[in-house]
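Structure, as structure tokens:
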Amino acid sequence: MKLTHLDEKDRPKMVDVSDKEETFRVAVASGTITMSSHAYEMIISEQTKKGPVLQTAIVAAIMGTKRTSDLIPMCHPLMLTSVNCDVEELPELPGFRLRVTAKLKGQTGVEMEALTGVSIGLLTIYDMAKAIDKSMIINAVCLESKSGGKSGNYARTPA
């Protein structure tokens, strides 16, 4: 099997997408962060010393999505048309699920952008609440679905 990020001399390269057709592409990724009940309550009541944790995490997730090509070496810089981020409160964990949806019309997919956005958003929650709970766990960062492109649609099967 030939790897697409290696040239004929086995040197790293960015995949050439110049001959690919533009299609509408969407990727949805998610992940969770679990924490102590005290940290959870402090975050949802906006009583942390660093400010509004969830709103900051949403902004960070959007920024992370937009900056993916600066962080992942072989990712193409993309002209995203939409980035949406939702945070779901999960009191039973306790913790939060963060979901990022990235969209564009282009020649390559947005899976890495959605995954990076989720990771950066969850890391921001950790950063802003680590003084309360250093034992938080970021978990289950995954691609939920993607559409568009040559490989077609994908949807994660529920566990």
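Nothing in this text is a laboratory measurement; each read-out follows from the coordinates by a stated rule. These numbers come from a predicted model, not from an experiment. Positions of Cβ are backbone-derived with ideal geometry, glycine not excepted, and every protein chain shown enters the neighbour counts.
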Per its Cα gyration tensor (rounded if a/c is under 1.5, else prolate when a/b beats b/c, else oblate), the stretch 23-148 is best filed as prolate
Going by alpha carbons, how many degrees (0 to 90, nearest 10) lie between the helix axis of 53-66 and the longest principal axis of the chain?
10 degrees
Evaluate the distance, in nm, between pseudo-label points positioned 7 Å from the Cα of Lys105 and of Leu71 along their respective Cα→Cβ axes.
2.8 nm
For the chain, what is the calculated [θ] at 222 nm in deg cm²/dmol (nearest 500), taking -39500 (n - 2.57) for each run of four or more DSSP H residues and dividing by its residue count?
-8500 deg cm²/dmol
